[in-house]
Every structure is written in structure tokens, then in C-alpha cells.
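Contents: one structure, followed by commentary.
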Amino acid sequence: MTDHLQAARLEFRARRYSYAVQFAQYALACDPDDVEALTILGMSHLHLSEFACGVETLEHLSLLRPLDDACRIELAIAYGCCGKKQLSRDLLMMLATSGRMDASQLLRIATGLESIEEPYLAMEACRQAGKHAPESPDVHYQMGYYAQICGHPSSVSEALIRHAIGLDPHNLHFRIGLASLLIRLGRKSEAIRVIDHFVPDRLAEVTCVCCLHRIANLFFDCDDLERAKMCAARAASLQDDQADAIEAASKEKVIS
């Protein structure tokens, strides 16, 4: 194992995917058919939303050895991101019905199916995940989310999401999802109660700008101006960070 490969592995585990790409490329310069370096390179590209590069790398890897299930799932999802929705759907459904997927893999497949506008299939994959892990809070939350998209009564979605929160009461993501649903239903005071003890104490954990704007408007409408300003400031900070990241990435491409 080269030092470059070890560095790529460490950077990938630390989720520093840009560095993982660089070190994987260094390792591949020494051995173009290093399957671990190709795996890290392909998956890192996908994590960076560089889908065309990720697909090309994983397709090359598949010629050297069969892809493991995790790579197969991510490659199938990436096809959808590249506009090949039928291919993505077929591959995801083939994996979902293979009988070898665990609950977390089925949930990931469900996410992929929803991303290519197949919410009913996503809900079915999620239901299959529930057979493996009936008390998984993630299963119940995703089922609640897909139920909304599929047009089921809001009471069904609310019950599923509340059950997810009951299983994992400290999950801020679940609570924001429920609060968003309650806001759409015009039940703002209930929405406030769902997230009341988590803002501002855990506001730094919220990374969705749209969610932050939604929560800011909720607090503003309920005359809680202090917390409304906190959420708006957090959203503005994230937008600035995103703009800086895009500018840095564009400069890096120009230099390379």
C-alpha cells in the first residue's frame, strides 16, 4: 500500500473528499488499476456532486472487478443525476428486489428513487426497509416524507414523523421536518413547540438554508423576533460560505 493510498483512505474517512480525490489520483499514477484507489476516487467525486467523473471512474472499476453493493447503489443514483433516469430506475429496482439489501441500503435506494421522481417506488423501498428494521426511526421518517409526496392524507405523514421522533426524540432533522409540515397545515403554535427547546441551542447543526428561512419566518410570525433574527443570520452565514466555496472551486479549476 502506497503512502498516497493511505492518505486517500484517511481523507475519505474524514469526509475531506477534495483531498481524497487528489491523493487517489496520485496513487493511480503509480498503479492505474488500483481498485481501492479507484473506489475512493469514484465515490469522492460523487460526494462532491461531480457525477460525470464519478460515473466514469466507477464504470472503469467495474471492468476490473464487480462493484460492491454500496458502489452499485451510488452509481445507479449518479446515473439519475446525469439525466439517465430510466437506467437509474432499472438499476435501483434491481438492487431493491435482489433480496440482499439491508435496511440502510434500502433507505438509500428509496432516496435515489425519489430523486428521479419515483416517489411510489421510493415508498415501497422504504416499506421493505421497515421489514428489516421495524423500529428504525429513519424508516418511519422517510415513510412520512414520501407519504406527503404521494398525496396521502397529512395525518398519515404526521403520525409517521411523530413516531420517528418518539423513537429518536433528539433528532433535530426529524423535528424540523415535522415543524415544516405543521407550518404548511397552519398549525404554527404546534410547530413552535416541536423545535422550541432546540433553537438556538442546536441552531449550528442546521445546514439547510431553506429550512432556516422557514423557521425564521415561523418565529417572526409568532412575534419571537430574537430567534427569528438568529435563524436569518445563520442562513445568511451559510449562503456566504457556499458562495465562498463555489468561488474557491472555480479558482482551483482555472489553476489546474
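The values are calculated or read from the model by the stated rules, or taken from the named source; none is laboratory data. It should be emphasised that the depicted structure is a prediction, and the values quoted were computed from it without experimental measurement. For neighbour counting, all protein chains shown are included, and Cβ atoms are generated from backbone atoms with ideal geometry for every residue, glycine included.
Report yes if ILE73 is modelled with pLDDT of 95 or more, among the β-branched types (Val, Ile, Thr) and on the phi < 0 side of the Ramachandran plot, otherwise no.
Details: modelled with pLDDT of 95 or more: yes; among the β-branched types (Val, Ile, Thr): yes; on the phi < 0 side of the Ramachandran plot: yes.
Yes.
Would you mind finding the one in GLU205, GLU158 that is under 23 Å from ALA236 (Cα atoms) and either of a type in the set (Asp, Glu) or not assigned by TED's automatic domain parsing to the domain that holds ALA236 (or both)? Talk me through it step by step, then tell me what you get.
Details: GLU158 fails: under 23 Å from ALA236 (Cα atoms).
Going through GLU205, GLU158 in turn, just one is under 23 Å from ALA236 (Cα atoms) and either of a type in the set (Asp, Glu) or not assigned by TED's automatic domain parsing to the domain that holds ALA236 (or both): GLU205.
Checking GLU135 against (1) surrounded by fewer than 19 Cβ atoms within 10 Å (Cβ to Cβ); (2) in contact with an Asp or Glu (Cβ under 9 Å, 6 or more places away or on another chain): exactly one of these is not met. Which one?
Going through the list (1) surrounded by fewer than 19 Cβ atoms within 10 Å (Cβ to Cβ); (2) in contact with an Asp or Glu (Cβ under 9 Å, 6 or more places away or on another chain), GLU135 breaks only (2).
Of the numbered conditions (1) surrounded by fewer than 16 Cβ atoms within 10 Å (Cβ to Cβ); (2) in contact (Cβ under 8 Å) with a residue 12 or more places away in the chain; (3) in contact with a Phe, Trp or Tyr (Cβ under 9 Å, 6 or more places away or on another chain); (4) not aliphatic (A, V, I, L, M), HIS170 satisfies every one except a single condition; which is it?
Exception for HIS170: condition (2).
With the condition kept exactly as written, say whether any residue in the stretch 34-48 is farther than 25 Å from SER115 by Cβ and surrounded by fewer than 20 Cβ atoms within 10 Å (Cβ to Cβ). Walk me through it before giving the result.
Of the stretch 34-48, the ones farther than 25 Å from SER115 by Cβ are 34-37.
Pick out the ones that are also surrounded by fewer than 20 Cβ atoms within 10 Å (Cβ to Cβ) and you get 35-36.
Checked the stretch 34-48: at least one residue is farther than 25 Å from SER115 by Cβ and surrounded by fewer than 20 Cβ atoms within 10 Å (Cβ to Cβ).
Output the qualifying pairs, or none if there are none: Cβ atoms under 6 angstrom, residues six or more apart or on different chains, first residue in the stretch 113-132 and of a type in the set (Ser, Thr, Tyr), second residue surrounded by fewer than 21 Cβ atoms within 10 Å (Cβ to Cβ).
Listed pairs, sorted by first residue: TYR120/CYS150.
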